[in-house]
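Right, one structure below, let's go through it.
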Amino acid sequence: MAPTVDFPHDLVRLQADWYRTYDALAAPYPARPTVLRHRLQVLSARLCWHPYWSRQDVVVPAVRQELRRQGRALERQW
């Protein structure tokens, strides 16, 4: 069972933006693929280095999975 985690809203939004960008890049014949790849790299770096991950009480693998779940749920709401 996934842990109950109260993520900062900006972190969940970053994950949702990552999914939206990834899905746009994965579409057949994406418009402006170079721009999308660059955006995906920037979002990946921002996700990886977000201050939330420097907290001592974060169990990274399980918490990252929960972030992915919450990010996908937010992305689907758009």
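The values are calculated or read from the model by the stated rules, or taken from the named source; none is laboratory data. Given the structure is predicted, the values throughout are model-derived calculations rather than measurements. We place every Cβ from the backbone using ideal geometry, glycine too, and count neighbours over all the protein chains shown. Areas reflect the complete protein model, heavy atoms only, side chains present, ligands, DNA and RNA absent. Shrake-Rupley method; radii C 1.70, N 1.55, O 1.52, S 1.80 Å.
Taking only protein heavy atoms and a 1.4 Å probe, what accessible area per residue, in Å², does the stretch 1-57 have with all protein chains in place?
Numbers: 4200 Å² over 57 residues.
The answer is 74 Å² per residue.
Using 0.36 nm per residue of separation minus the Cα-Cα distance, give me the extension gain between GLN56 and ARG32 in nm, one decimal. Mind showing how you got there, number by number?
On the way: separation 24, 0.36 × 24 = 8.64 nm, distance 3.96 nm.
Between GLN56 and ARG32, full extension yields 4.7 nm more.
Which loop chymotrypsin sites (Phe, Trp or Tyr not before Pro) in the stretch 1-68, with loop taken from DSSP, have no more than 14 other Cβ atoms within 10 angstrom of their Cβ? Show your work: numbers first, answer last.
Working: sites: TRP18, TYR19, TYR22, TRP49, TYR52, TRP53; in loops: TRP49.
Sites meeting the loop and neighbour criteria: TRP49.
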- Give the distance, in whole Å, between the Cα centre of the stretch 52-78 and the Cα centre of the stretch 33-49. 17
- VAL42 paired with ARG68, simple spin-label distance in nm, labels 7 Å along Cα-to-beta-carbon: 2.5
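At a 1.4 Å probe, what is the % contribution of carbon and sulfur to the accessible area of the chain? If you can, show how the numbers build up before the last one.
Working: 3180 of 5600 Å².
Here it works out to 57 percent.
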- Message: Only helices at least 27 Å long along their own axis, judged from Cα atoms, and with Kyte-Doolittle mean hydropathy of 1.0 or greater: name those in the chain from DSSP H.
- Response: none
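Helix-derived [θ] at 222 nm for the chain: sum -39500 (n - 2.57) over DSSP H runs of at least 4, divide by residue count, nearest 500?
-22500 deg cm²/dmol
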